[in-house]
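Since the structure comes first, as structure tokens, the remarks are kept for the end.
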Amino acid sequence: MKRTAYLVLAASAASFALAELLPALPLGGVRGMLVVLPVVAALFASVGRSAGGNRPTAVEAALWGGWILLALQHQALGIPGASEIVAATGLALAGVRTLALAVRLRRRIEQPVLWPFFALPLALYLFAWPWTTTARPPDGDEPYYLLLTHSLAEDGDVDLADEYRDKAWRNFTTVPVAPQPGDPTGANGEIYSRHSALLPLALAPLYRLAGPFGAQLGMLAFAAAAATAGLAAARSRFPGTPRGALAAWAILAFAPPLMLYAGQFWVEVPAALLVALVCWSLAVLDRRESVQATSTTRSAFVVLALALVALPLLKLRFLALALPLGALAFARLRSSANRRRELALLAAATLLALGLWNNWRYGNPLRMYAGSDLAIFGVPLGAQLRGGLGLFFDAAFGLFALAPIWLLLVPALHLALRGFRRQPGQEATVRLAEVAAFLPYLLLIGMRREWYGGWSPPFRYGVVLLPALALLLAPLLAAKRPAAGLRWLCAILAALSATVALVYLMHPAWAYSLANGSSRLLDELSRNFAGDLVRLFPSMVRVRPATWIVPLALSVAVLAIAIAGGKLRRSRGDRPRFLWPFSAVGLLLLWGGLLAAAQRLPTSRIEFEDAWVSHHRGALFPERWTADRTRFDGGWALTHGGQVSARPSAGGSLCRLAIRLLPAVAPEAPLALEVRAAERLVATLPLPTTGASAMAPEALPWVTLEAGPFALADGEELAFRAVGLATDGADGARSFVVLDRADLVWQ
Amino acid sequence: MSSLLQRARSGTRSWRTLLMGLALPAAMLLAALLALGFHGAPVAASETLFLALWAAAVFLPLSFLETAGRPVHAALALAVTVLVTALPRSGGLRAAAVAAALALSVLMVAGLLCARRTAFGLRHCAALALAVAIVLHGHLFFLHGFALETVALLGIVPAVAATLAARLAAAGRPGAGLVAALALLAAPQLAAEPWWVALAFATAGFAASFGAGAGARLAQRSLFLFAAATLLAGGFPWLRAAPVATVLGALVTLGRPLAETPLGDRVVVLTQTAPRLAVELSGVPVRALVLDSYLTHGVELACGQELAGMELTGMELESAVDAARARQFVPARWRSALVAGRDSTEWAAGRPDVAAQLACPAPTPWISWMPATGRFLGQTTRARFALEAPFGARRLVLERNPALPAETTLAIFFVATER
């Protein structure tokens, strides 16, 4: 450990020297990767020693040498976009090294030492962080947490009025930060944050020492600690399955979402650490033979109590986790009445203090929430189901779209339920009770209109659950040689997850999607495609057939491969040499199949704001930053001369249209919508005049106009153009029409 | 009976091997072609088509090696396909990335093979030699089709190299075989390199083949690095004329990093109606100015014809030490000109009919690229202007020569200042 400390110190000195030597421009984010490289290398070396020695080969060393040369000189090539490729290559190299070391750490899994399991994810997060931070400034709630941290570190108070006045946000972003609607204010002009101060309080000392860099380092450490605590929990819960614990830790640490959230300021990351600690404490306390007053159980109890208390202090929403987990712990502490009393007292005191504080500061013990926000059973089942399923299956915000490797949860859940059915003993009951303890939180999130997390990376509200989800994976991946189907599934999902993770690390801004039925990644992918690829992916924001078909089909397919594949046994002497090529071929065929399906399946609906639709003038409706945007039916607004066009896949030779639109047409500037099929004018639809002004989203006068039938061949362009009808030369600029969607019926 | 069963089993296994060997390259090609077919606008279709075929062709021989079962092989195949289908289709980035990924794939597969085996059979040598040849010379198929040169470089040379390597390996000298094969395959590439590069290659090869002990090991490692550099940089055959020299040049210029790239990813076209480009600089002391450009409708321009005037204004530094002391700066101006034949040339100078009409021979291209139509390489030229003394430049102005024919345009892709 002493050697590691010296090594890291020396590497830090080298990093500081590099920071002085390397020019800031034009190297950009790649410069930061070069600067932190000595520390990352030192961490890798330390982990390598712990893992029993895993030095880079000559090929790997040569590749790193080539990468450093490329990183220093890539700008001189004069090829646009070279920085992204350099960063991606560096991350791929670091990822390969990380995985090689992670596999070697199997030897250390049963030993109590946790350092290598913390240092390895930290090294990878640290290496990715300079690029992701440069490519994307703090967004969503992040700048507000940073501003509060700044205030605590610099002034020692939570009043942000002076920070807003002095533009203190310029310390960490170039995007202006203003108070959020609903922020509490004081009698003397104080402005407080609506966000809890626990996370900023934890980061403030680091901020004081090293500014925003220190705070970001703190967040990286929280993420790495969450992964490590997840491993500790898996190890304690399943002591006989070291391989399963290691696999679960690897998925938790190196696959998104934790990998993606590591360098960002979201309260869900430290909350994930707390949940992992709760899971660890429960596992330790559950070992009945050790329930006696040993030092381990004492420390486990203290950790449990502190974590349960800290959860609602981080965010009131986490009360939905702390209460059931606390109740579970209460039920488990059967043999110790004192501890039950202590836990009950602590819970009561925390709840009382929190309620009183909120009442004093916000005039409401539930802060921004109302009683109706908690009426889980008042929400229609369909909406609840969409929210709950969306957390996992939504193409933009779901866990499985972000990191398909987590689809292993489906067979893992099946395994847990089967275990309970076959052996309904205490162990299975304990596991089921733990799963059930997370259901209230899932229900609470599922019922929210903003179940997807607002303006944030995917699975924001679910990040806190990750350690518990990883626990489910451990028994599934425990076998030394898992069945062929499961191995194939792991291979294919791992390859897909690595690709998606690399894309999101390269373009962190792509992780942020508007809740409009698509995702930024899909939009970027299909922007230049001639067909509608997005309709094949499930969206719980904009319901379509894929919303229900894909989750069902995916779950069945994954389960079938994992279970039926388990029955396939390898013949003697036949090495598993086809696993990886078969997985790659499977992925490529899947991609080809998706493209073919998007091209061949007849288009039945065109959503006009989608990326595959060409927009000539006009604007997105409602405006991108409209508060609570999902209250509106999104569309594309056109004034005179504006046009949208698409190339639908034909399902017949004749096409009939039903166009849903919102006319905002002044009587003195009439407007019509021209429909053209392959440049042929097939319909001119005069738009009704309206006196629409500011209206509630539900009251907007949407109308549906019909056109056709008309001939339209496959791949021909279907265009919609707004034209002014005024005869006096007025161009209708004061009028506009919002096109929501067109339903196509083929004959 | 048992021998029949064994033969049947081995037959099934070889069919499976053949099927899996073909399946991955076929799937790569299919995915790339479907993405191309689904593309709304046929931008850079010929480049996409070539890259898809090139990638599949490189992976075809590699897929028949035992390393094809390794995750790294599958990951590389996927990565190459993702690069072909997902990267932007202009600017040269995609071609460079795909070329690098293919070269890396060959290197890594060779590295994996070397780690597992001490001697190679003809099958291994042939597969690796063919893959190396396709990486280095695959673009010739795009340019010339089944011409004699293509057949020789993609068929005969790899066959000879593989046979030689296998024979020498069988004779107990695998190192010499490797060197010989590599020398044969890389020879056309090294022809454009300075002579000392070839000399270094030969010396390292000689030491690695016949020496013993630490010196030979060092030579072997140097040779490996050299081969890696040749393959990686030579994988850009249509990007760089002298790849190894380019890599070594990059090493040499580490000491003079770029200061600024004021255009970023922007492309500026100077025309008769918009003849001027002015960009602000930060005043960082610079020693050189770098410009990448090409001409359109510039076939008839004579050598030395001024294309554009360049002017840097700012502060001249009396010595390098003055960079840190702004008070000693004196206002200054630096002027030069971009001239035809030396600093820039017609973009389609590589097309045979255009080459025949050029009034001034084209300089060595900095980057060559595949145009939207036609089987030739477009070219961009790099010009570097060294300043006599360090210069704290604040502003750069480029102005197209008004005496140029009206239709002649000068496209500027990259402007950089060097420290």
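A few notes on this one:
- Listed by first and then second residue, the pairs with beta-carbon distance under 6 Å, at least 6 apart or on different chains, first residue in the range B:369-389 and within 14 Å of chain A (Cβ to nearest Cβ), second among the charged types (D, E, K, R) and part of a loop (DSSP other than H, G, I, E, B), are B:383/B:343.
- The condition (being of a type outside the set (A, V, I, L, M, F, W, C) and over 21 Å from the mean Cα position of the chain (by Cα)) is satisfied by just one residue among A:241, A:228: A:241.
- Qualifying residue in the range A:521-528 (condition: away from chain B (no Cβ under 14 Å) and of a type outside the set (A, V, I, L, M, F, W, C)): no
- Qualifying positions in the range B:93-136 - farther than 29 Å from residue B:370 by Cα, of a type outside the set (Gly, Ala, Ser) and more than 14 Å from chain A (Cβ to nearest Cβ): B:117, B:118, B:120, B:122, B:123, B:124, B:125
- In the set A:408, A:471, A:439, only one residue is out of contact with any His (no Cβ under 6 Å at 6 or more places or on another chain) and either modelled with pLDDT under 90 or closer than 27 Å to residue A:542 by Cβ (or both); that residue is A:439.
- Looking only at the range A:43-55, residues that are buried (at least 18 other Cβ atoms within 10 Å of the Cβ) and not in a helix (DSSP H, G or I) come to 2 in all.
- Some residue of the range A:72-89 being in contact (Cβ under 8 Å) with a residue 24 or more places away in the chain and of a type in the set (Asp, Glu): yes
- Filter pass, residue A:711 being farther than 23 Å from residue A:610 by Cβ, modelled with pLDDT under 85, surrounded by fewer than 18 Cβ atoms within 10 Å (Cβ to Cβ) and among the hydrophobic types (A, V, I, L, M, F, W, C): no
- Selection count where residues are under 21 Å from residue B:154 (Cα atoms) and at the interface with chain A (Cβ under 7 Å from one of its Cβ atoms), scope the range B:29-62: 0
- Test: residue in the range A:76-96 that is more than 26 Å from residue B:98 (Cβ to Cβ) and out of contact with any Pro (no Cβ under 6 Å at 6 or more places or on another chain): no
- Between B:146, B:120, the distinction of being farther than 25 Å from residue A:84 by Cα and modelled with pLDDT under 85 belongs to B:120 only.
- Checking each residue in the range A:488-498 for being facing chain B (nearest Cβ under 9 Å) and within 15 Å of the chain's Cα centre (by Cα) picks out only A:498.
- Residue, farthest from residue B:347 (Cα to Cα), within the range B:248-272, restricted to residues that are more than 8 Å from chain A (Cβ to nearest Cβ), β-branched (Val, Ile, Thr) and not in a loop (DSSP other than H, G, I, E, B): B:252
- Residues of the range B:77-92 satisfying the condition of being part of a loop (DSSP other than H, G, I, E, B), touching a helix residue (DSSP H, G or I) at 6+ places or on another chain (Cβ under 7 Å) and within 7 Å of another protein chain (Cβ to nearest Cβ): B:88
- Qualifying residue in the range A:629-647 (condition: more than 14 Å from chain B (Cβ to nearest Cβ), free of Cβ contacts under 8 Å to residues at least 40 places away in the same chain and not charged (D, E, K, R)): no
- Options A:63, A:91, A:27: the member that is farther than 20 Å from residue B:414 by Cβ, surrounded by 20 or more Cβ atoms within 10 Å (Cβ to Cβ), within 14 Å of chain B (Cβ to nearest Cβ) and at pLDDT below 90: A:63
- Of the residues making up the range B:363-419, those that are farther than 19 Å from residue B:264 by Cα, small (Gly, Ala, Ser) and assigned to a strand (DSSP E or B) are B:368, B:378, B:386, B:389, B:392.
- Sole exception among (1) of a type outside the set (Asp, Glu); (2) under 25 Å from residue B:37 (Cα atoms); (3) more than 7 Å from chain A (Cβ to nearest Cβ) for residue B:74, by number: (3)
- Taking the range A:118-152 as the range and being at pLDDT below 90 and either closer than 21 Å to residue A:68 by Cα or aliphatic (A, V, I, L, M) (or both) as the test, the residues that pass are A:133, A:134, A:135.
- Check on residue A:81, in contact with an Asp or Glu (Cβ under 9 Å, 6 or more places away or on another chain) and surrounded by fewer than 20 Cβ atoms within 10 Å (Cβ to Cβ): yes
- Residue check for residue B:177: buried (at least 19 other Cβ atoms within 10 Å of the Cβ), at pLDDT 75 or above and assigned to a helix (DSSP H, G or I): yes
Residue by residue, here is whether (1) on the phi > 0 side of the Ramachandran plot; (2) crowded, with 24+ Cβ neighbours inside 10 Å; (3) of a type outside the set (Gly, Ala, Ser); (4) not in a helix (DSSP H, G or I) holds:
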position	(1), (2), (3), (4)
A:451	no, yes, yes, yes
A:480	no, no, yes, yes
A:493	no, no, yes, no
A:518	no, yes, no, yes
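Per-residue answers, yes or no, for (1) within 14 Å of chain B (Cβ to nearest Cβ); (2) farther than 23 Å from residue A:397 by Cα; (3) at pLDDT 80 or above:
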| position | (1), (2), (3) |
| --- | --- |
| A:510 | yes, no, yes |
| A:548 | no, no, yes |
| A:562 | no, yes, yes |
| A:574 | yes, yes, no |
| A:592 | yes, yes, yes |
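- Residue A:502 vs. criteria part of a helix (DSSP H, G or I), under 22 Å from residue A:603 (Cβ atoms), at pLDDT 85 or above and within 12 Å of chain B (Cβ to nearest Cβ): no
- Unique residue being closer than 22 Å to residue A:407 by Cα, over 20 Å from the mean Cα position of the chain (by Cα) and not in a loop (DSSP other than H, G, I, E, B) when the list is A:250, A:234, A:283: A:234
- Criterion applied to B:166, B:161 was being at pLDDT 90 or above, surrounded by 20 or more Cβ atoms within 10 Å (Cβ to Cβ) and in contact with a Leu (Cβ under 9 Å, 6 or more places away or on another chain), and the one residue passing it is B:161.
- The lone exception for residue A:344 - which of (1) out of contact with any Phe, Trp or Tyr (no Cβ under 8 Å at 6 or more places or on another chain); (2) among the small types (Gly, Ala, Ser); (3) at pLDDT 75 or above it fails: (1)
The values are calculated or read from the model by the stated rules, or taken from the named source; none is laboratory data. Keep in mind it's a predicted model, so treat the numbers as computed, not measured. Cβ sites come from the backbone with ideal geometry, for glycine too, and all protein chains shown count toward neighbours.
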